[in-house]
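**Student:** Before we start, here is the structure in question, set down as structure tokens.
The values are calculated or read from the model by the stated rules, or taken from the named source; none is laboratory data. The shown structure was predicted, so the numbers you read here are calculated from the model rather than taken from an experiment. Here Cβ is always computed from backbone atoms with ideal geometry, including for glycine, and neighbour counts include all displayed protein chains. For accessibility, only protein heavy atoms count, side chains too; no ligands or nucleic acids. Shrake-Rupley method; radii C 1.70, N 1.55, O 1.52, S 1.80 Å.
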Amino acid sequence: MPTTIAFINLKGGVAKTTTAVATAQILSGVHQKKVLLIDLDPQTNATVMLVGDDRWKKLNEVGATVAQLFQDAVDPKDPRFDAKAAIQHQVGAVDEVGSVSLLPSSLDLIRIQDKLVTMPMGQFQARTPIDILHRAIRDKLDEFDFILIDCPPSLGLITLNGLRFADGYVIPTIPDVLSTYGIPQIITRVAEFAEEIVEPIEPLGILATKFQTQQVAHRSQLRILRQKADAPVFDTVITQGTELSSAAEYVRKGTLRQKWGYQNGFPLYSRFVKELLQKLGSKAVPV
């Protein structure tokens, strides 16, 4: 079975999606791993980064997104979701990345997520609102080495669907007071959920992102995180830079260095992925 990692933060704008996509592409292009990225965030940023806006619109029109999956769970009379058709292969527009696949998201998730509590439980109460995603794709999981899940900025039922079969999670965060405020809640809630489902979900670590060296507040908050956080903090720190901002665009690139940037983006995210693999006990190919 693949290793499944969720990326979570309760605050938006902390490079959560950027981190998930960079990790997927580096695992593929550098470490030759087969990766499925599941976009559970209604903002669909990971989806658009990997397939572009035009292709996303076409997928959304035919119900080839996770929104259709959850809609079918709420109203199972006429199911439309087909996991085989929804999972898009060889995504990302980087020539040296050939083994990243995507299960797209949709803006429609916003209106569907609150309806999940009303879904019918089925015969013998076998269906639950937290197991929808895993039940739908479990037959596809052994095709991949890694499953990466870009979670929405909440701890609701959509996020719990991702955590339901996650081995661990990463918390990307800007090292400031507002971005780190919800981290204790995440760690406590995930631990309670893991105990509830009787499955371990390891806090793999907190990743400092958009770090500004000259910002006294950033340096101070990072020091506090390293001293007091309830989860480990990665040694790697992702610094703020224009390279990462342009990496969000869906534009054909030849190499990962061209995509993520020669100076900071690619070297730093490569270091993070190596550190992540070491935590997982995997044998990474040195960069």
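**Student:** Could you state how much accessible area residue 89 has, in square angstrom rounded to the nearest 10, with a 1.4 Å probe and all protein chains kept in place?
**Tutor:** About 100 Å², ignoring ligands and nucleic acids.
**Student:** To the nearest 0.05, what FRET efficiency results for residue 143 and residue 262 with a Förster distance of 30 Å applied to their C-beta separation? Write out the running numbers ahead of the final one.
**Tutor:** Numbers: r = 33 Å, r/R0 = 1.09.
Efficiency, rounded to the nearest 0.05: 0.40.
**Student:** Could you calculate the contour length gain from residue 82 to residue 95, that is, 0.36 nm times the residue separation minus the distance between their Cα atoms, to one decimal place in nm? Mind showing how you got there, number by number?
**Tutor:** Working: separation 13, 0.36 × 13 = 4.68 nm, distance 2.78 nm.
Full extension of this stretch gives 1.9 nm more.
**Student:** Once the dipole of the chain is set up with Lys and Arg at +1 and Asp and Glu at -1 on Cβ about the Cα centre, which of 118, 175, 70 lies farthest towards its positive end?
**Tutor:** It is 175.
**Student:** I'd like the antiparallel share, as a percent to the nearest 5, of DSSP beta bridges with both residues in the chain.
**Tutor:** Values: 1 of 28 bridges.
Of the beta bridges lying entirely in the chain, close to 5 percent run antiparallel.
**Student:** What percent of all Cα-Cα pairs in the stretch 115-158 falls in each 10 Å bin, counting up from 0?
**Tutor:** 21, 46, 29, 4
**Student:** Now, a different point. PRE reach from residue 32 (point 7 Å along Cα→Cβ): which of the stretch 82-111 fall under 17 Å by backbone N?
**Tutor:** Answer for the stretch 82-111: 96-100.
**Student:** Could you work out the local net charge near residue 107, counting Lys and Arg as +1, Asp and Glu as -1, over the other residues with Cβ closer than 11 Å to its Cβ? Walk me through the intermediate numbers first.
**Tutor:** On the way: positive: 57, 111; negative: 41, 108.
Net charge in that neighbourhood comes out at 0.
**Student:** With charges set only on the Cβ (+1 for Lys and Arg, -1 for Asp and Glu), what does the dipole of the stretch 209-268 come to about its Cα centre, in debye to the nearest 20?
**Tutor:** On the way: 9 positive and 4 negative charges, 10 e Å.
With Lys and Arg at +1 and Asp and Glu at -1, about 40 debye.
**Student:** What's the center-to-center distance, using Cα atoms, between the stretch 1-79 and the stretch 114-179 in Å?
**Tutor:** A separation of 11 Å, based on Cα centres.
**Student:** Using the structure shown, select from 58/274; 16/279; 33/228; 11/228; 34/253; 33/77 the pairs with a Cα to Cα distance greater than 29 angstrom.
**Tutor:** Working: 58/274 36 Å; 16/279 19 Å; 33/228 34 Å; 11/228 20 Å; 34/253 20 Å; 33/77 38 Å.
Exceeds cut-off: 58/274; 33/228; 33/77.
**Student:** To continue, here is another question. With +1 on the Cβ of every Lys and Arg and -1 on the Cβ of every Asp and Glu, and nothing else charged, how large is the dipole of the chain about its Cα centre, in debye rounded to the nearest 20? The partial results should precede the final answer.
**Tutor:** Working: 31 positive and 31 negative charges, 132 e Å.
With only Lys, Arg, Asp and Glu charged at Cβ, the dipole is about 640 debye.
**Student:** Would you compute, from DSSP H runs of 4+ residues alone, the mean residue ellipticity of the chain at 222 nm, taking -39500 (n - 2.57) per run and dividing by the full residue count, rounded to the nearest 500?
**Tutor:** On the way: 14 runs with 118 residues, N = 287.
The per-residue figure over the chain is -11500 deg cm²/dmol.
**Student:** In nm, to one decimal, how far is the modelled label at residue 227 from the one at residue 250, with both set 7 Å along Cα→Cβ?
**Tutor:** 4.6
**Student:** Shifting gears a bit: Which is farthest toward the positive dipole end of the stretch 1-61 among 3, 49, 17, measuring Cα position about the Cα centre, with Cβ charges +1 (Lys, Arg) and -1 (Asp, Glu)?
**Tutor:** The residue sitting most towards the positive pole is 3.
**Student:** Can you tally the net charge around residue 139? Count Lys and Arg as +1, Asp and Glu as -1, for every other residue whose Cβ sits under 15 Å from the Cβ of residue 139.
**Tutor:** Details: positive: 84, 135, 138, 140; negative: 82, 131, 142, 143.
Spelling it out: positives minus negatives among the neighbours equals 0.
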